[in-house]
Amino acid sequence: MGDRIELDFPARPDYLALVRTVVTMIAAAGSKLPDTRIDDLRLAVTEACANAIDAERRLTTGHHGSVVLRCWVEPEQVVIEVHDGAGGFDPDHLVPHPPPQRPDRLQFERGLGIPLMRELSDGVEFRAEGGGTTVRLLLTSDPRR
Amino acid sequence: MASSERDGWAVLALSGEIDIATAPRVRERLYALLAEGRERLVVDLDDVGFLDSTGLGVLVGVLKRVRTQGGELRLVCTQPRIVKVFEITRLDSAFAIFDSIDGAVRDGSPS
């Protein structure tokens, strides 16, 4: 069995750089994922945590909630779960962006995070849990792309 | 964030990591350049170590404003890990992306 790490951090943007650094260092040390997959992990984890922080920030007034990240590192794969307690959403009913060539694509500054996670990971799952959302990301050393 | 002037273009060199913590400062700086009447902008991403969807969103928003003002936004981006973020979101076809500041400030179509 591989290593399991858990981080419980305040839902604040300034924690994001620290969290992705910790996760990528642990993954690089404990798995055989190539550097390009570690880069993919760095971005996918950031997107998942940013969504969780955003959700908590929308919910709480005056004080910040927290985000819980769990990470399972094995030689051939890394699994990350990011949990927020901020209600939840339906990832299957996101409005798709217009194609990039169309001028109205520029109306959309947000909403790239989940497509990025789907593109960078070998598997993404969203589940409603504990009054919030848990995102589970799987990255293997043998990427599909 | 260092800005300079090159052949009529305002060049903003970004560095470090751009995410939800730092993207608002990038947005402010670029919107300030637009508010000063700068309509031809080059954003140099070659010293950027990390760019997430929030950073991409800022660039999309600036591109929209620049076009509304009749100006132009060009990006300099050669680092594979940053180029990849544009490619997988297919935004590489929305932006004019160049290999160098020299290339970006030259007239003509993107390389």
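The values are calculated or read from the model by the stated rules, or taken from the named source; none is laboratory data. Computed from a prediction, not measured in an experiment: that's the story for all the values here. Here Cβ is always computed from backbone atoms with ideal geometry, including for glycine, and neighbour counts include all displayed protein chains.
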If you take the residues in segment A:32-43 that are touching a residue at least 12 places away in the same chain (Cβ under 8 Å) and in contact with a helix residue (DSSP H, G or I) (Cβ under 7 Å, 6 or more places away or on another chain), which one is surrounded by the fewest Cβ atoms within 10 Å (Cβ to Cβ)?
A:I38
Residues satisfying the stated conditions in segment A:20-31, i.e. of a type in the set (A, V, I, L, M) and surrounded by fewer than 19 Cβ atoms within 10 Å (Cβ to Cβ):
A:V22, A:M25, A:I26, A:A28, A:A29
Looking at A:D14, A:D8, can you tell me which residue is among the charged types (D, E, K, R), under 17 Å from the mean Cα position of the chain (by Cα), part of a helix (DSSP H, G or I) and exposed (fewer than 15 other Cβ atoms within 10 Å of the Cβ)?
A:D14
So which residues in segment B:33-56 are of a type in the set (G, A, S) and either crowded, with 21+ Cβ neighbours inside 10 Å or at pLDDT 95 or above (or both)?
B:G49, B:S53, B:G55
Quick check on segment B:13-25: of everything there that is touching a strand residue (DSSP E or B) at 6+ places or on another chain (Cβ under 6 Å) and surrounded by 18 or more Cβ atoms within 10 Å (Cβ to Cβ), which residue is nearest to the other protein chains (Cβ to nearest Cβ)?
B:E17
Does A:D39 satisfy the criteria of being at the interface with another protein chain (Cβ under 9 Å from one of its Cβ atoms), over 11 Å from the mean Cα position of the chain (by Cα) and closer than 22 Å to B:I88 by Cβ?
yes
Looking at (1) in a helix (DSSP H, G or I); (2) at pLDDT 95 or above; (3) within 14 Å of another protein chain (Cβ to nearest Cβ); (4) surrounded by fewer than 23 Cβ atoms within 10 Å (Cβ to Cβ), can you tell me which one B:E28 breaks?
(3)
Does A:E47 satisfy being among the acidic types (D, E), in a helix (DSSP H, G or I), touching a Gly at 6+ places or on another chain (Cβ under 6 Å) and modelled with pLDDT under 95?
no
